[in-house]
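The values are calculated or read from the model by the stated rules, or taken from the named source; none is laboratory data. Just so it is clear, the structure is predicted and the values come from calculations on it, not from any experiment. When we count neighbours, we look across all protein chains shown, and the Cβ atoms used for this are built from the backbone with ideal geometry, even at glycine. Keep in mind that these areas ignore ligands, DNA and RNA; they rest on the heavy atoms of the full protein, side chains included. Shrake-Rupley method; radii C 1.70, N 1.55, O 1.52, S 1.80 Å.
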Amino acid sequence: MKKVLIVLTSHDQLGTTGAKTGFWLEEFAAPYYALKDAGVALTLASPLGGQPPIDPKSDDPASQTEATIRFKADAPAQALLASTLKLNDVSAADFDAVFYPGGHGPLWDLAEDATSIALIETMLKAGKPVAAVCHAPAVLRHPKGADGKSVVNGKKVTGFTNTEEEAAGLTAVVPFLVEDMLTQNGGVYSKAADWHPHVEVDGLLITGQNPASSEPVAHALLAKLG
């Protein structure tokens, strides 16, 4: 049985706006079920452990999907989410891949988290896939390969677009823009129309553009795991 680590944000403050953020529910729920239904063993972790914050906007009626509705009726899955392990208590050696759901939270904590950075570098060095969707490619900001360059340098990647961030009204709130960061780090960035699914797979890196890309990213990860 393949083992995948899902790493969620612990950050719940949307900059200095006073509004709440966290992870985007669809971007966790859809991959969770795609992987689980395929027989993958899942472990959940976050920097602080315990219940990670759900972005309230992803929990409103307009944002519900088949996967989020399924999750809301799934007590064991909710219990698992409420008791994530602390990220520094897990070992890359125990997993075949790692997946990062998005939401704005990762821009503040996981992008800068030394444990997450080391985890990504270790996974890639060991030939294990790293997948991230929407804002979660933010976690690729600092990890470096054996050559000392960014792990996205020369790689085909995608992530939340500048125009999607603009549509969300948060361009001036976020600490950095995912599209700009990936490009500045040497990534070969591409995108589809705003809010349309788009996935890039290059070697061990699997990235998705937005919430609509969350399940396709999970399927791309499954294909990579074989």
Place a point 7 Å from the Cα of N162 in the direction of its beta carbon; the residues of the stretch 179-221 whose amide N falls under 14 Å from it are 179-185, 189-191
Return the single residue from E215, E121, E164 with maximal mean-square fluctuation; model: Gaussian network over the chain, springs between Cα atoms under 10 Å. E164
GNM on the chain, C-alpha springs below 10 Å: top fluctuator among G103, G208, G154? G154
P(r) of the stretch 11-110 in 5 Å steps, Cα pairs, percent per bin? 3, 12, 22, 26, 20, 11, 4, 1, 0
Could you work out the relative contact order of the stretch 21-64? I mean the mean sequence separation of Cα pairs under 8 Å and 6+ apart, divided by the number of residues, in percent. 60 percent
Working with all protein chains in place, sort T43, T171, T207 by solvent-accessible area computed with a 1.4 Å probe, largest first. T171, T43, T207
Counting only complete DSSP H runs, which helices of the chain cover 15 Å or more along their long axis at the Cα atoms and score a mean Kyte-Doolittle of -0.5 or above? 25-37, 114-125, 214-225
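May I ask for the Rg/Rh ratio of the stretch 38-162, computed from Cα atoms with Rh as the Kirkwood radius, given to two decimals?
0.97
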Cβ-derived FRET efficiency at R0 25 Å, T122 paired with Q78, nearest 0.05: 0.25
Pairs K2/K224; K125/K191; K2/K128; K57/K224; K36/K72; K2/K156: which exceed 22 Å Cα-Cα? K125/K191; K57/K224; K2/K156
Extension gain, A172 back to Q13 (0.36 nm per residue minus Cα-Cα distance, nm): 55.8 nm
So, in nm, how far is label V188 from label D147 when the simple model puts each one 7 Å beyond its Cα toward the Cβ? 1.2 nm
Looking only at G203, G22, G187, which one moves most when the chain is put into a Gaussian network model with springs between Cα atoms under 10 Å? G203
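Counting only DSSP beta bridges with both residues in the stretch 107-226, tell me the antiparallel percent, nearest 5. Spell out each step's value before the answer.
On the way: 5 of 11 bridges.
Within the stretch 107-226, antiparallel bridges account for around 45 percent of the total.
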